[in-house]
Amino acid sequence: MNDNAYPPYVSDRGHGEVSMALPGVIQDGLMFLFAFPADATRLQQLVDRFLNQPAGGAVHYTVVDPFVFLSFLQGKLTSGGEAVGWVEDRECAFWVLLEARTGANGPPRYVGWMPYIIIDNFEGMATGREVWGYRKGLGQVVLPADPQGPYDFAASTCIFPVLSKDTQGRVSTLIRLRGEPGAAVTEGGPTFQDPEALADALEAAGLQGTLGAVGGTPPLRRLLALLRNLLARQVPVVNLKQFRDARDSSRACYQALIEGPITVTRFGGAGLLWSDFTLALTPCQSHPIAADLGLQPMTRASFGLWMRLDFNVGPGQEVWKAAGDGA
């Protein structure tokens with residue numbers, strides 16, 4: 001169906017709107033990004049469940065290397081498509097880098113996928129889920145206000161330790177990341193004013209084996225080379241966008257794979273983080289992050305960095321859409 005054939009969206013701007021018009025805009029952003037070794041088999045199983053199996057071979061996504069990224073972001077969230085205002089935005093997300101192919105012989109392209117996201121404002125959660133299909137859940141996110149630290153990160157949300165009718169959901173810390181006491185970014189070296197310089201520093205550190213026990217392995221060098229390319233341009237992201245059917249909630253009245261770009265509009269500097277960072281994940285059946293991503297319940301980061309940036313999340317496109325009219 002051509003986009004122009006869709007009916008007009010009935011905007012509730014000025015009437016309690018929570019799902020904003022595109023593009024989504026983050027201003028004055030501060031992002032911390034960490035890499036962790038993971039189990040590629042577990043990662044691929046998760047990708048198959050949420051991306052490959054629904055598409056039935058029309059599009060295929062493959063895990064690039066056995067690593068996941070964890071980001072913490074704070075900034076001002078607003079709409080670039082309508083005058084509304086802005087809200088403070090804090091988000092925590094796990095990222096997986098994937099190679100995507102359309103059809104059996106399509107050329108490869110690289111995309112990111114975020115299987116777990118916690119965000120602290122309803123506008124960002126509703127817009128992300130409804131428009132693109134981002135797997136966003138509402139919660140509380142804590143991160144440093146400055147790259148100098150102290151480095152104490154946390155994300156809390158409603159969790160269910162056991163999935164049963166008798167379990168009461170409780171807000172609890174799900175993700176905790178801490179740097180070693182007293183560490184500061186100034187111990188590690190300079191601030192980089194452009195993405196290329198940051199990519200050079202990352203690649204050099206990886207080749208010298210200074211990023212921890214896995215720093216010199218070929219997968220990490222390959223991953224850093226990929227990041228070098230992604231830092232300088234748009235970062236495509238894929239999501240499974242779906243809505244439960246009102247008549248039969250075990251079915252989806254809409255289901256599609258959406259790919260859309262995250263475009264950096266301002267790069268305000270970045271630096272490497274030289275502290276040892278330890279990630280702790282709370283085990284629970286509602287959010288089995290360690291099992292899904294192939295992580296240890298407690299694990300050390302391979303490397304970390306911070307970036308000041310502004311970015312837009314633009315319109316997406318359906319790379320696959322389920323057939324059916326619900327009749």
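The values are calculated or read from the model by the stated rules, or taken from the named source; none is laboratory data. No experiment lies behind these values; they were computed from the predicted model shown. For neighbour counting, all protein chains shown are included, and Cβ atoms are generated from backbone atoms with ideal geometry for every residue, glycine included.
Here is how the numbers come out for the structure above:
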{"item": "Whichever residue in the range 47-65 is under 20 Å from the mean Cα position of the chain (by Cα) and without any contact (Cβ under 8 Å) to a residue 24 or more places away in the chain and, among such residues, is surrounded by the fewest Cβ atoms within 10 Å (Cβ to Cβ)", "result": "Arg49"}
{"item": "Selected residue (criterion: surrounded by the fewest Cβ atoms within 10 Å (Cβ to Cβ)) from residues of the range 22-37 that are at pLDDT 95 or above and small (Gly, Ala, Ser)", "result": "Gly29"}
{"item": "Scope the range 131-154; condition touching an Asp or Glu at 6+ places or on another chain (Cβ under 9 Å) and closer than 16 Å to Asp120 by Cβ; matching residues", "result": "Lys136, Leu138, Gly139, Gln140, Val141, Val142, Leu143, Pro144"}
{"item": "Failed item, numbered, when Leu295 is tested on (1) modelled with pLDDT of 90 or more; (2) crowded, with 20+ Cβ neighbours inside 10 Å; (3) in a strand (DSSP E or B)", "result": "(3)"}
{"item": "Top-ranked residue of the range 139-160 - restricted to ones that are under 23 Å from Ala301 (Cα atoms) and among the aliphatic types (A, V, I, L, M), ranked as modelled with the lowest pLDDT", "result": "Ala145"}
{"item": "Residue list for the range 85-115, restricted to those being hydrophobic (A, V, I, L, M, F, W, C), surrounded by fewer than 19 Cβ atoms within 10 Å (Cβ to Cβ) and closer than 24 Å to Met31 by Cα", "result": "Trp86, Val87"}
{"item": "Odd one out for Val96 among (1) in contact (Cβ under 8 Å) with a residue 12 or more places away in the chain; (2) more than 16 Å from Val237 (Cβ to Cβ)", "result": "(2)"}
{"item": "Filter result for Gly81 (touching a residue at least 24 places away in the same chain (Cβ under 8 Å) and closer than 22 Å to Val131 by Cβ)", "result": "yes"}
{"item": "Count of residues meeting criterion [surrounded by fewer than 18 Cβ atoms within 10 Å (Cβ to Cβ) and touching a Lys or Arg at 6+ places or on another chain (Cβ under 8 Å)] in the range 143-159", "result": "2"}
{"item": "Residue that is surrounded by 20 or more Cβ atoms within 10 Å (Cβ to Cβ) and either touching a strand residue (DSSP E or B) at 6+ places or on another chain (Cβ under 8 Å) or at pLDDT below 95 (or both), where the choices are Leu273, Leu230", "result": "Leu273"}
{"item": "Residue match in the range 66-73 (condition: over 26 Å from Arg300 (Cα atoms), among the hydrophobic types (A, V, I, L, M, F, W, C) and surrounded by 15 or more Cβ atoms within 10 Å (Cβ to Cβ))", "result": "no"}
{"item": "First in the range 108-135 and part of a loop (DSSP other than H, G, I, E, B) and at pLDDT 95 or above, second anywhere and among the small types (Gly, Ala, Ser) and surrounded by fewer than 20 Cβ atoms within 10 Å (Cβ to Cβ), Cβ under 9 Å, 6 or more apart", "result": "Gly133/Ala256"}
{"item": "Qualifying residues in the range 74-84 (those that are out of contact with any Leu (no Cβ under 9 Å at 6 or more places or on another chain) and closer than 23 Å to Leu30 by Cα) - the one surrounded by the most Cβ atoms within 10 Å (Cβ to Cβ)", "result": "Leu77"}
{"item": "In the range 276-292, residue surrounded by the fewest Cβ atoms within 10 Å (Cβ to Cβ) [restricted to those that are of a type in the set (S, T, N, Q) and in a loop (DSSP other than H, G, I, E, B)]", "result": "Gln285"}
{"item": "Matching residues in the range 161-200 - criterion: being modelled with pLDDT under 80, farther than 22 Å from Ala93 by Cβ and either hydrophobic (A, V, I, L, M, F, W, C) or part of a loop (DSSP other than H, G, I, E, B) (or both)", "result": "Glu180, Pro181, Gly182, Ala183, Ala184, Gly188, Gly189, Pro190"}
{"item": "Qualifying residues in the range 271-327 (those that are among the β-branched types (Val, Ile, Thr) and under 17 Å from the mean Cα position of the chain (by Cα)) - the one farthest from Leu73 (Cα to Cα)", "result": "Ile289"}
{"item": "Set Phe243, Phe267: member being modelled with pLDDT under 95, of a type in the set (Phe, Trp, Tyr) and not in a helix (DSSP H, G or I)", "result": "Phe267"}
{"item": "Some residue of the range 174-181 being over 29 Å from Arg49 (Cβ atoms), surrounded by fewer than 20 Cβ atoms within 10 Å (Cβ to Cβ) and more than 22 Å from the chain's Cα centre (by Cα)", "result": "yes"}
